Amino acid sequence: MVEKIAEMTRDTIAEDPDRWAFLLRLRYQVAFGGMIAIIAPAIIISLLFNVPLDLSANYNTVIGGFVALLLGNISYRKLQIFPGITSGGYIFTSFSIAFAALATALILLRLDFSRVQFLVSWVLTVSYFTYVHLRFIARREIVLGVIPGGATNRLPLVPRATWYRFSDPDELVPRLAGVVADLRADHSPAWNSRIASFVLNGTPVYHVKEAIEQLSGRVEVEHLSENTLGSLNPNDFYIKVKATIDGVIAFTALLMLAPALLLVAFLIRLDSPGPALFRQQRVGFRARPFTVYKFRTMMQPTLTGAADDSRSKAMTQPNDPRITRLGSFLRKTRIDELPQLINIIRGEMSLIGPRPEALPLSQWYEQEIPFYHYRHIIKPGVTGWAQVNQGHVTDVNDVREKLHLDFYYVKNFSFWLDILITLRTAQTIVTGHGAR
């Protein structure tokens with residue numbers, strides 16, 4: 001379902017009578033991209049510098065370039081599966097990472113390759129796929145038919161997507177990328193016949209609930225069913241692989257960043273009285289409490305007194321006066337989160353997942369929000385889908401929206417979604433947009 005919605009634009013354009021639209025198909029993109037960005041530079045550089053084409057360095061460069069082009073293309077297509085993406089925004093990132101990874105592999109394997117040719121291939125590859133995107137995708141709209149009835153009145157507004165709402169079962173319609181219908185609603189025989197005709201003609205028909213989830217990036221907790229809860233069991237194999245990767249990355253990062261972390265701790269002690277590290281009880285994997293570690297960014301709190309008082313002190317408000325001068329910078333750059341590498345090494349957290357809530361807040365949310373405890377089905381993370389889409393919130397209504405986003409992450413738990421979250425987190429750190 002996720003991949004079908006992501007491919008609507010490509011499939012629609014692939015059927016376009018424009019004679020060049022076939023360039024959007026994977027085999028043609030790799031073939032033409034390879035000739036323009038890989039083969040052509042090898043020939044031109046060979047002629048300019050009088051270098052024989054049959055040198056092993058040229059072979060390695062061409063093969064590595066093709067592999068990087070293919071991996072970058074696959075990565076870009078996979079990232080398009082998920083909502084909230086500015087179409088084309090990850091072309092540069094996807095291909096740059098692929099080429100950098102292949103260059104690193106060639107260096108580690110001590111294989112000769114032409115660095116100039118590899119660099120030219122990278123530039124041409126990014127330029128070629130950017131041109132294809134701007135020429136064939138950016139200006140096109142996805143037209144989706146909507147069968148009236150049921151919950152189809154709740155369909156969200158989506159950039160570059162147009163909802164064509166049917167008024168009559170027999171009306172003539174424009175070419176559609178797909179049709180959305182509430183398949184659980186009671187439709188008339190005429191509408192059922194029209195839905196069947198779309199299926200028989202090869203037009204995809206999507207259930208409205210799944211369409212809303214994949215186009216909005218949210219799973220609404222108020223409408224969870226037994227089938228939805230069953231789908232919230234993440235891939236156990238990927239959980240184990242991810243835990244291993246998290247541990248290796250966290251341990252390596254902690255060793256490399258140790259001097260910088262000690263310097264930050266020293267500056268915190270100079271900036272305001274209190275310990276450098278902030279410790280707080282939070283709810284983690286399978287609702288088990290654990291102690292989270294962060295750099296202290298506020299005046300040392302005193303969490304004593306009634307439950308309401310502890311809950312209010314556990315919340316960080318906008319422009320909170322308790323935040324220190326240095327703390328504001330640490331929060332903006334997310335440096336305050338780095339001590340959580342310790343939690344990852346201890347197996348209590350992951351790099352990516354639902355953010356763990358303070359124990360008093362979690363207990364309160366469980367009483368106020370149905371199904372809240374299901375977010376603990378996977379390990380909490382330093383960053384997550386809700387953080388890159390919503391940011392830090394504490395109000396119950398905002399937390400309910402956050403839970404919609406958390407459930408989307410749990411339901412679509414995958415390597416590619418983690419990659420997307422990583423890229424958007426890096427964007428937040430660099431630009432400061434959305435950070436709080």
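See the values below:
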| read-out | value |
| --- | --- |
| Residues that are part of a helix (DSSP H, G or I), touching a helix residue (DSSP H, G or I) at 6+ places or on another chain (Cβ under 7 Å), touching a residue at least 24 places away in the same chain (Cβ under 8 Å) and not hydrophobic (A, V, I, L, M, F, W, C), drawn from region 328-373 | Thr333, Asp336, Pro360, Tyr365, Glu368, Tyr372, His373 |
| Candidates Leu270, Leu303, filtered to the one that is of a type outside the set (Phe, Trp, Tyr), over 28 Å from the mean Cα position of the chain (by Cα) and at pLDDT below 90 | Leu303 |
| Residue match in region 209-227 (condition: part of a helix (DSSP H, G or I), touching a helix residue (DSSP H, G or I) at 6+ places or on another chain (Cβ under 6 Å) and at pLDDT below 85) | yes |
| Any hit, region 393-408, residues being assigned to a helix (DSSP H, G or I) and among the basic types (Lys, Arg) | yes |
| Only one of Ser310, Ser350 that is within 14 Å of Arg282 (Cβ to Cβ) and modelled with pLDDT under 60 | Ser310 |
| Search result, residues across region 7-37 that are crowded, with 17+ Cβ neighbours inside 10 Å, small (Gly, Ala, Ser) and either modelled with pLDDT of 80 or more or not in a helix (DSSP H, G or I) (or both) | Gly33, Gly34, Ala37 |
| Given (1) within 30 Å of Phe413 (Cβ to Cβ); (2) in contact with a Phe, Trp or Tyr (Cβ under 8 Å, 6 or more places away or on another chain); (3) outside any strand (DSSP E or B), index of the condition Val173 fails | (1) |
| Residue ID - farthest from Gln214 (Cα to Cα), chosen from residues in region 161-176 that are in contact (Cβ under 8 Å) with a residue 12 or more places away in the chain and out of contact with any strand residue (DSSP E or B) (no Cβ under 8 Å at 6 or more places or on another chain) | Asp170 |
| Positions within region 55-74 being within 20 Å of Tyr131 (Cα to Cα), buried (at least 20 other Cβ atoms within 10 Å of the Cβ) and not small (Gly, Ala, Ser), in sequence order | Leu69, Asn73 |
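Listed here are the residues, each with its yes/no results for (1) within 30 Å of the chain's Cα centre (by Cα); (2) modelled with pLDDT under 85; (3) within 30 Å of Ala177 (Cα to Cα).
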residue	(1), (2), (3)
Ile39	no, no, no
Val62	no, no, no
Pro83	yes, yes, yes
Thr93	yes, yes, yes
Leu102	yes, no, no
Leu106	yes, no, no
Leu119	yes, no, no
Trp122	yes, no, no
Ala138	yes, yes, yes
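The values are calculated or read from the model by the stated rules, or taken from the named source; none is laboratory data. Not measured: the values here are computed from a predicted model. All Cβ positions, glycine included, derive from the backbone under ideal geometry; neighbour counts span all protein chains shown.
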